[in-house]
Amino acid sequence: MCDLGQSSDWCYLPDVALIEVYKYLDDSERVAAARVCKNWLRIFETPLLWRYRCVSFGGFDAMGTADRACRYIKRFGKHLRSLAIRFQGPTYRTVKVISQATEVFLKKLAVIANMRLKEFTLYHANMENHWHFVASKNRVVASLCRFLRRCRELEVLNLIAARVTLVDGCRILESLGRGAASKTLKFLYMEDMFQTNVIPISISRYRNAMSKMKGLTYIYTNYNTVNGEILRHFAREQKMKTFTLTIDCDINSWVIEPETWTYFKRQCPDTKVIFYIYASGFRHGIQHALPETVPIKRIDSRCEC
């Protein structure tokens with residue numbers, strides 16, 4: 001490690017400015033910068049630089065990625081606040097390696113004693129189309145459940161376009177309900193979390209899992225994942241601020257009754273309800289899903305020809 005000497009202008013660079021420089025560097029560049037002098041090494045350890053992490057598992061080198069990510073967790077896991085996991089082009093030949101790497105990483109993360117993760121995102125996993133082995137999918141879901149169950153301060157969970165099976169989706173939601181996240185979770189993004197043509201509200205296991213969510217203030221989901229029972233639960237909690245529903249298929253058989261919306265509006269008068277409607281040839285109209293009792297704040301409609 002060299003000493004820049006007092007004559008160098010870099011010696012007088014404020015810590016705030018140096019932290020901003022570090023933010024633009026990748027891991028290898030940060031390590032190289034930390035070797036410049038003791039002051040730069042001290043800034044290298046600044047918690048602010050290690051708050052966010054995105055880990056991309058892809059190809060046959062996924063285990064190498066997991067090994068590097070685990071080394072990061074060992075040193076800076078206590079500083080981590082926002083984590084994202086991305087699967088890069090899983091194929092018939094690589095899903096097994098990717099699932100094993102994900103399991104190794106999440107296991108390592110789950111045992112961090114002082115972990116204070118606030119936000120977790122699983123980027124567009126789309127397990128319905130890209131994952132060809134049941135064992136690989138089960139490995140990912142099982143490790144994800146163990147990890148979420150041990151999150152003590154999780155506030156934001158993004159599972160958009162995960163496209164898991166009905167059983168796996170229930171397992172994930174149940175893991176939240178069994179841990180501290182049942183009370184700490186505030187933002188839940190679960191649009192297209194389930195496979196196509198799956199109706200979660202048709203089984204009691206899903207409804208029971210959703211009833212464990214005690215602190216949600218924002219939810220972004222499909223219309224067919226909410227029924228009167230779930231809506232009344234959120235109304236009783238009186239914490240919901242924004243309720244965003246996506247309608248992208250026929251909903252004639254599971255419409256929420258107007259009386260339920262009336263109760264919800266009375267219990268949560270300040271809640272904003274937003275509808276995203278993707279009109280692509282519905283066999284039935286959707287006006288029955290939008291009664292006057294719904295406290296609608298905004299409707300966005302997109303017609304796909």
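In deg cm²/dmol, rounded to 500, what helix-only [θ] at 222 nm does the chain give when every DSSP H run of at least 4 residues adds -39500 (n - 2.57) and the total is split over its residues? Intermediate values should be presented prior to the final figure.
Numbers: 11 runs with 115 residues, N = 305.
Result for the chain, helices only: -11000 deg cm²/dmol.
Can you tell me what percent of all Cα-Cα pairs in segment 128-228 are more than 18 Å apart?
Details: 2187 of 5050 pairs.
Value for segment 128-228: 43 percent of Cα pairs lie more than 18 Å apart.
Sort Trp50, Trp261 so the one with the fewest other Cβ atoms within 10 Å of its own Cβ comes first.
Trp50, Trp261
Would you work out the charge dipole size for the chain about its Cα centre, treating the Cβ of every Lys and Arg as +1 and the Cβ of every Asp and Glu as -1, and quote it to the nearest 20 debye?
That gives a dipole near 1200 debye.
Which of Leu157, Ala113, Pro47 sits closest to the plus end of the dipole of the chain, meaning its Cα is farthest towards the positive end, when Lys and Arg get +1 and Asp and Glu get -1 on the C-beta?
The Cα lying farthest towards the positive end belongs to Ala113.
Need one number: the % of Cα-Cα pairs in the chain sitting beyond the 32 Å mark. Don't skip to the answer; put the middle values down first.
Details: 17758 of 46360 pairs.
Roughly 38 percent, once rounded to a whole number.
In degrees between 0 and 90, to the nearest 10, how far off the longest principal axis of the chain does helix 134-149 point, with axes built from Cα atoms?
Taking the Cα atoms of the chain, the angle to 134-149 is about 80 degrees.
How about segment 57-143: which chymotrypsin sites (Phe, Trp or Tyr not before Pro) there lie in a loop by DSSP and see at most 15 other Cβ atoms within 10 Å? The partial results should precede the final answer.
On the way: sites: Phe57, Phe60, Tyr72, Phe76, Phe87, Tyr92, Phe105, Phe120, Tyr123, Trp131, Phe133; in loops: Tyr92, Trp131, Phe133.
Loop-located and lightly packed - Tyr92, Phe133.
None of the figures in this text is laboratory data; all of them are computed from the coordinates on show. Note that this is a predicted model, so its numbers are computed, not measured. Every residue, glycine among them, receives a Cβ derived from its backbone with ideal geometry; neighbour counts consider all protein chains shown.
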